[in-house]
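The values are calculated or read from the model by the stated rules, or taken from the named source; none is laboratory data. A quick note: this is a predicted structure, and the numbers were derived from the prediction, not measured. Neighbour counts run over all protein chains shown; Cβ positions are idealised from the backbone, glycine included.
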Amino acid sequence: MLETLAELIAAILDIFLSGSESIKRRNSQIDKIVKKWKPRYDITEQYTYKDEKSRSFILVDDSGYPYEICIKILKWWRVKITANNSEQKRKQKFWKKKTKISKLSLALDEAYATIEKWINESGRTRTIKK
């Protein structure tokens, strides 16, 4: 209940403070969550794409096939998480979810589990190096 109330207050403040401070706070919160989440998996970060700021992670299975998880910041302290298998056209698989920033870690776990499922369905494996 308190978390929902805090998010509502943050969203209202976000409306009135939609300047750079609000964006910095969101980015800072996302960075903290990602910093805690990322060590569980052997993932490469990518913070720029085509000279634009982005938050994406590249995963490679044991056969060398790449997969990607992306975070896009939305309004009202929400984010959109997408996952794809980096294939072209008919073989491409895609997953997406919108969620609150406070639930980002859970959504990232879902995205990773989806990619793991795709890897297993294709008969391949992925070893996490620690």
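Listing for the model above:
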{"read-out": "Long-range neighbours under 8 Å by Cβ, at least six apart or interchain, first residue within 12 Å of L108 (Cβ to Cβ) and surrounded by 13 or more Cβ atoms within 10 Å (Cβ to Cβ) within segment 25-54, second among the acidic types (D, E) and at pLDDT 85 or above", "value": "W37/D109"}
{"read-out": "Long-range neighbours under 6 Å by Cβ, at least six apart or interchain, first residue closer than 14 Å to K72 by Cα within segment 99-117, second buried (at least 20 other Cβ atoms within 10 Å of the Cβ) and small (G, A, S)", "value": "T99/A107; A111/A83"}
{"read-out": "Residue that is surrounded by the fewest Cβ atoms within 10 Å (Cβ to Cβ) [pool: residues in segment 80-114 that are of a type in the set (K, R) and closer than 23 Å to D31 by Cβ]", "value": "K98"}
